[in-house]
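Visitor: Submitted below is the structure of interest, expressed as structure tokens.
The values are calculated or read from the model by the stated rules, or taken from the named source; none is laboratory data. Quick caveat: nothing in here was measured; it's all calculated off a predicted structure. Cβ: placed from backbone, ideal geometry, glycine included. Neighbour counts: every protein chain shown.
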Amino acid sequence: MKKYLLVSIIAVGMIVMSLASVQAADKGFKFGYIDLQKVMALSAQGQVAKGKMQAKQEELRGILQKKQAEISVMKEELERQGMMLSAEKRKEKESDYQKKVRDFKIFVSDSEKDMKAMEGEFLKKMLKDLEAVTSEFGKNGNYQLILEKRSGIIFAEDSKDVTDALIKAYDKWAATNVKK
């Protein structure tokens, strides 16, 4: 998803830049650029998303450690009692152990998928919100063009970086428009 987003941003940026060079001859042309990664990292909504992701990771880490400890205990018991158990009982315990290991691997895989899905949801929502905020910000600031820093910009003056102003606008917008 990130790769598709990046390719789309670059393609749009290149098209817009070619159009911008024609329009730049106009006297009142005003453009800026934003650093999307910085907005994601430093905005209030980005911090909320990061906090939720970290909380979920900690929760999953605790569950994983507990499951891993259970598997270790089962393995130690199997090794310790192995020779004293009947063949049937040993086979049953080995089967239980293997099932526990398989379940653990599935849980790890599912947890990774859940975290990626959660990250994707946060990213999608933030990008949708940022689109609205950037549009409003651009109109209010009389910008004809606002680009993303990584969308093919090779050079732009630092004075054209409107990231910090956009973060403030996004935080203000989120305070009134995002349900807590």
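Visitor: Of the residues Ile106, Ile146, which single one is closer than 24 Å to Val178 by Cα and of a type in the set (A, V, I, L, M, F, W, C)?
Guide: Residue meeting the stated conditions: Ile146.
Visitor: Please enumerate the residues belonging to the range 113-148 that are of a type in the set (Phe, Trp, Tyr) and either farther than 22 Å from Trp173 by Cβ or assigned to a loop (DSSP other than H, G, I, E, B) (or both).
Guide: Tyr143
Visitor: From the list Lys100, Lys93, Lys105, which one is of a type outside the set (Ser, Thr, Tyr) and out of contact with any helix residue (DSSP H, G or I) (no Cβ under 8 Å at 6 or more places or on another chain)?
Guide: Just a single option satisfies the conditions, and that option is Lys105.
Visitor: In the range 91-108, which residue that is under 28 Å from the mean Cα position of the chain (by Cα) and within 14 Å of Lys66 (Cα to Cα) is surrounded by the fewest Cβ atoms within 10 Å (Cβ to Cβ)?
Guide: Lys105
Visitor: Is there a residue in the range 149-171 that is assigned to a strand (DSSP E or B) and closer than 17 Å to Tyr33 by Cβ?
Guide: Yes, the range 149-171 has at least one match.
Visitor: Still on this structure, I have one more. Select from the range 22-37 the residues that are at pLDDT 90 or above and assigned to a helix (DSSP H, G or I) and write down the one among them that is surrounded by the fewest Cβ atoms within 10 Å (Cβ to Cβ).
Guide: As a first pass, look at the range 22-37 and keep what is at pLDDT 90 or above: 30-37.
Now narrow it down to the ones that are assigned to a helix (DSSP H, G or I): 36-37.
Details: Leu36: 21, Gln37: 13.
Only one residue tops the list, namely Gln37.
Visitor: Taking only pairs six or more apart or across chains, which ones have beta-carbon atoms under 8 Å, a first residue in the range 109-128 that is under 15 Å from Glu58 (Cα atoms), and a second residue that is outside any helix (DSSP H, G or I)?
Guide: That search, which allows pairs on different chains as well, returns nothing.
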